[in-house]
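The values are calculated or read from the model by the stated rules, or taken from the named source; none is laboratory data. All figures in this text were calculated on a predicted structure; none of them were measured in a lab. Cβ placement follows ideal geometry from the backbone for every residue including glycine, while neighbour counts extend to all protein chains displayed. Each accessible area value is taken on the protein alone, full model and side chains, heavy atoms only, with ligands, DNA and RNA left out. Shrake-Rupley method; radii C 1.70, N 1.55, O 1.52, S 1.80 Å.
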Amino acid sequence: MTNNTCFAPQRVLFEERALDYPLGRSLWERFRKEDKEVRVIGSHNRVTGLPGKDPAEKFKEAKRTLVVGVKKDGEFAKCRPSADFQLVLSTSCPGMCEYCYLHTTLGRQPVVRLYVNVEEILERAEKVIKERAPEETVFEGAATSDPLPLEPYSGALAQAITFFAKQEHARFRFVTKFTCVDSLLDLKHQGKTEFRFSVNTPEIINRFEHGTPRLTARLQAAAKVFQAGYKLGFLVAPIFLYDGWQKSYEELLLEMKDTLPAKAAPSFELITHRFTARGKQNIAAIFPSSELPLSEEERRFKYGQFGYGKYVYTKEQYQEAERYLSEKINVYFPSAEILYFV
Ligand code: SF4
């Protein structure tokens, strides 16, 4: 796959209503000309009949399935600590990270969904922004997906970036592990969008991520984004405290420093690894030979904001990781801001 086609679905399912929208119609015409399974379904939330003889195969097939749907009206969900609200432009992503945060919420068949009614979604966002003004409202575009691989099909990020450029009282941020950034580089973003990349040590990427660009490619894409004048940020996530983690994360920071332009002062969001009971069950079914560290005995149980508990590192491990990583970020990126450590 090239830099500008992060995702090539094998089958494309269209929610009937999506065909009433110009984007739905043009995607329908486009995919019908390609050698793929293309069909109409009743609702983007009910996808049945995907092939696969076990959960692992069904998961892979779901990740190769693009659903083109219409996002229903509804309140914007809260999105702490990264923003005020989620701005859902897509759901799921073609990557197959064993530790994906979506295993808990999207279950075992996370088909990749894009929404054709971006204009309507942004109109709803504008209403919320106006109601809350002059307070600033921050929207997160990656709470339910990695939106970048869908950009060549939907153009949703470009629309959102252009929309937020005109909003006095709002900002937009999203995060990606993908690299198809070129179509976003020349947009008039007016500094209102923060473009973040999710990174990890090469050991973690090679072991637990499948179908995502490797670290060096991500950092090269980040350098382009910085040169295009976007606010740049990094999520170091999930942070695993394995044998030798200190050295590995320091090397990661060093590679970041060496690849990024000298003037870059990115923000950092640091998220330690956590898992839920439901996520663990789904991971066991989807990746039966996964070596992810998911032992409840070695973790501390904590209630989360979405009503279910999660297993996080112990207080001592957590404090040590925060101390060490903050210190090293200060060494390699003295002007960088650490937005939070969780
Ligand atoms: Fe999940 Fe992000 Fe990996 Fe996609 S890239 S599978 S959203 S962790």
5 Å is the cut-off here: which amide hydrogens, built 1.01 Å from N in the peptide plane, fall below it relative to Phe14, excluding neighbours closer than 5 in sequence? Arg39, Val40, Ile41, Val68
Quick one: of the DSSP bridges fully inside the chain, what percent are antiparallel, nearest 5? 15
Hydrodynamic radius of segment 11-341 per Kirkwood, over alpha carbon pairs, in Å: 20.8
Under 16 Å from the Arg30 label point (7 Å along Cα→beta-carbon), backbone N, segment 147-162: 147-160
Taking the Cβ-Cβ separation of Ser289 and His169 as r and a Förster radius of 45 Å, what is the calculated FRET efficiency to the nearest 0.05? 0.35
With x for Gly and Pro, the residue-by-residue ³J(HN,Hα) of segment 156-163, computed from phi through the Karplus equation 6.51 cos²θ - 1.76 cosθ + 1.60 at θ = phi - 60° and given in whole Hz, is 5, 5, 4, 5, 5, 4, 5, 5
Per DSSP loop assignment and a cutoff of at most 13 other beta carbons within 10 Å, the chain keeps its longest run without exposed chymotrypsin sites (Phe, Trp or Tyr not before Pro) at 1-241
Interchain or long-range residues, amide H under 5 Å from Ser145's placed H: Ser92
Could you work out how far apart the two model spin labels at Arg17 and Glu131 are, taking each label as a point 7 Å from the Cα in the direction of the beta carbon, and quote it in nm? 2.0
Cα-based Lys proximity count in segment 91-248, under 21 Å, for pairs eight or more positions apart or on separate chains: 14
Derived scalar couplings ³J(HN,Hα) [segment 215-226; Karplus, 6.51 cos²θ - 1.76 cosθ + 1.60; whole Hz; x for Gly, Pro]: 4, 4, 5, 5, 5, 5, 5, 4, 4, 5, 5, 5
Euclidean distance between Cα centres, segment 1-64 to segment 165-214, Å: 24
Residues with amide H under 5 Å of Arg171's amide H, sequence separation 5 or more or different chain, H placed in the peptide plane at 1.01 Å from N; which? Thr137, Val138, Phe139
Enumerate the calculated ³J(HN,Hα) couplings along segment 286-299 in order (Karplus 6.51 cos²θ - 1.76 cosθ + 1.60, θ = phi - 60°), each rounded to whole Hz, writing x wherever the residue is Gly or Pro. 7, 10, x, 9, 4, 9, 4, x, 10, 9, 4, 4, 8, 10
The correct ranking of Ser26, Ser289 by accessible area at 1.4 Å, largest first, is Ser289, Ser26
Loop GluC sites (Glu not before Pro), segment 43-129, which have at most 11 other Cβ atoms in a 10 Å radius of their Cβ (DSSP): Glu75
Taking the chain as a Gaussian network, Cα atoms linked when under 10 Å apart, which of Arg32, Arg64, Arg196 shows the biggest mean-square fluctuation? Arg32
